[in-house]
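Read the figures in this text as sums done on the coordinates, not as results from a lab. Computed from a predicted structure; not experimentally measured. Cβ atoms come from the backbone with ideal geometry, glycine included; neighbour counts cover every protein chain shown.
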Amino acid sequence: MNPKDIFELLKKEIGDQALELVEKEYHDPFIVVRANSIVETCLVLRDDPNTLFDYLVNLSGVDDKDKFVVVYHLYSLKHRHRIVLKVYLDRENPHIPTVERVWRSANWHEREAYDMFGIVFDGHSDLRRILCPYDWEGHPLRKDYKTPDYYKGIKVPL
Amino acid sequence: MSETKTFEIDFGKVYSERMRLNVGPQHPSTHGVLRLEVELEGEVVTEIVPHIGYLHRCFEKHAENVTYPQVIPYIDRMDYISSMNNEFPYVLGMEKLLGIEVPEKVQYIRVICAELNRIANHQIAIATFGLDSGAFTPFLYYFRDREMIITLFEKLSGGRLLYNYFWIGGLMHDVHPTFAEDCLEIVKQVRKTNDEALDLLMYNKIFVERTANIGILPADVAINYGCSGPVLRGSGVPYDLRKVEPYSIYDKFDFDVVVGKGEMGTLGDCWDRNIVRVREIYESCKIIEQAIEQMPKEPCDVRQAVPKRIKPPVGEFYCRAENPKGELGFYIISDGSPKPTRVRARATSFVNLSVLPEISKGYMIADLIMILGSLDIVLGEIDR
């Protein structure tokens, strides 16, 4: 299926929760979805026989200056097509439901997005830091992150 | 002559306490600085919590502060035993974004290097997996052969482990005059050792007993956990990006996708994952031979398409390629400046390791080491 058909299918299944389909030059075509309907969207895309997106390739957090973005790259092993989902989140209070129960691979990807951007995945079974130490302060990949001068009394070299 | 004495032990009545044990982070069998918090009931594993991040070097943060070509050396240091393959998806994606047409000879050299590096990676994987099970000899044989590949890469790029050889739009240098002969000699030697290793290791009764029916990963679980590479193919899923989405010039070669068949036990066990690697070495040899035959013989300026100043248009893309360990992808966002806004690496080992708690519960602690070895992880890539 091409991205247009996938978007039409989503429109039919979840109504106006699927906001828009963006096809731009130098961009993989992506569909913008509302945060509170992400689980529903993913379930439709995974289980519909025409899409069968059974493989979550990548889940990344992105700091888009005034908003946080969570990007899902999906792939179907059977139909061999792909699509990108994007969810824009409020910078002050970034909350989004977890898709861990749809694809288990999301578990660690979401932990990483939480670690690096502080995006909270509601309902996640084990939302801890994954790459930084457990007592690290701040979220390093945010654009406004300031490297601390000291870590546990040790001077951080520049 | 003494008679053989048999002991009858009712294991159901043996009492033991639950115990939490740290495996690693400094232990040879964890293949790097990985810490596994294991809960044991006697010798049986009941729970595993992997703790990673001991080797975190902020790759993604660094990448935001350097220019596009300067990202490549950092990528080398992710999966440091298959650096050539790591660079492949990145340069392919950047060339797509910049609209660069790469000379044909460069494409061939890249494929040959990637396949040679795939062989080197699988040799380490099989050899160290053998070590985990107590087989020392194949390790020596494989490392002897790997030395030939590393020496060839040293001639090409000057580095033995970290190459920075693939550039956006080309290569660092052209190959040396005896490159083709060197490759063919390596292929010959690699095949010979692999034949030996099949007898010595793979069909060895002791090894089969240790690995068959251990750590069974069903295909649907593997897909749901996002596994790729030999871990997914060992479960019988013929998913290889070189075949399903041929990038570069992989559509010009005739090779097979190796999948596990459950020959020694259940489909998707440790033995299946390992035999996929052994047989993929033969497929890589096939690709190298074909590539050398088809490669243009006349010298070419491998830097002719390298742009002087790299300033891609505003855009974003996800590019992926088949690493020896599985699918390696880069999600790169460009805002039109010479530095990337975001580089996200979809690290293969990171995703493959996340399946470990799922498949190793209920096995003995000695089997846990085997299961971990069969996943073929590199901590440099997991922690980035």
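The table below gives the values:
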item: Hydrodynamic radius of the range A:1-151 per Kirkwood, over alpha carbon pairs, in Å; result: 16.1 Å
item: Relative intensity, log₁₀ I(q)/I(0), of the range B:135-179 from a Debye sum that treats every alpha carbon as a point, q = 0.20, 0.27 Å⁻¹; result: -0.69, -0.95
item: Chain B: calculated mean residue ellipticity at 222 nm from DSSP helix runs of at least 4, using -39500 (n - 2.57); result: -13500 deg cm²/dmol
item: Value of Rg to Rh for the protein assembly as shown (Rh from inverse mean 1/r over Cα pairs, i.e. Kirkwood); result: 0.97
item: Radius, Kirkwood style, for the range B:1-160 when every pair of distinct Cα atoms is counted (Å); result: 20.1 Å
item: Per-bin percent of Cα-Cα distances, the range B:153-263 [10 Å]; result: 11, 23, 35, 24, 6
item: FRET efficiency, B:Ile292 to B:Arg18 (Cβ-Cβ, R0 51 Å, nearest 0.05); result: 0.35
item: Two-decimal log10 I(q)/I(0) for the range B:228-283, as the Debye equation yields it once each C-alpha is a single scatterer, q = 0.13, 0.15, 0.24, 0.27 Å⁻¹; result: -0.31, -0.40, -0.87, -1.01
item: Shielding by partners, peptide A:102-112 (average Cβ within 10 angstrom, other chains); result: 5
item: Angle between chain A longest axis and helix A:38-47 axis [Cα atoms, degrees, rounded to 10]; result: 50 degrees
item: Coarse-grained scattering of the range B:282-351 at q = 0.18 Å⁻¹, given as base-10 log I(q)/I(0) from a Debye sum over alpha-carbon atoms; result: -0.95
item: Label zone at B:Lys308, where the point sits 7 Å out along the Cα-to-Cβ direction: the range B:324-348 residues whose backbone N lies under 18 Å; result: B:338
item: Alpha-carbon spread of the range A:55-125, three principal axes, descending order, Å; result: 40, 26, 16
item: Qualifying trypsin sites (Lys or Arg not before Pro) for the range A:1-35 [loop in DSSP, other Cβ within 10 Å: at most 13]; result: A:Lys24
item: Other protein chain Cβ atoms within 10 Å, averaged over every residue that makes up B:221-227; result: 6
item: Test item: Cα-centred dipole of the protein assembly as shown, Lys/Arg +1 and Asp/Glu -1 on Cβ, debye; result: 1100 debye
item: For the range B:57-382, with +1 on Lys and Arg beta carbons and -1 on Asp and Glu, the positive-most of B:Gly134, B:Gln189, B:Asn121 along the dipole; result: B:Asn121
item: Calculated diffusion of the range B:241-384, Stokes-Einstein form, Kirkwood radius summed over Cα pairs, 25 °C and 0.890 mPa s, µm²/s; result: 132 µm²/s
item: Sites B:Lys361 and B:Val208, calculated FRET efficiency, Cβ-Cβ separation with R0 22 Å, nearest 0.05; result: 0.45
item: Centroid-to-centroid separation of the range B:149-219 and the range B:250-274 [C-alpha atoms, Å]; result: 17 Å
item: Label-to-label distance, nm, for residues given as A:Asp149 and A:Lys4 (7 Å Cα→Cβ offset); result: 6.0 nm
item: Cα-derived Rg to Rh of the range B:57-382, Kirkwood definition; result: 0.97
item: Helix A:106-117 axis, angle to chain A major axis (alpha carbon atoms, nearest 10°); result: 50 degrees
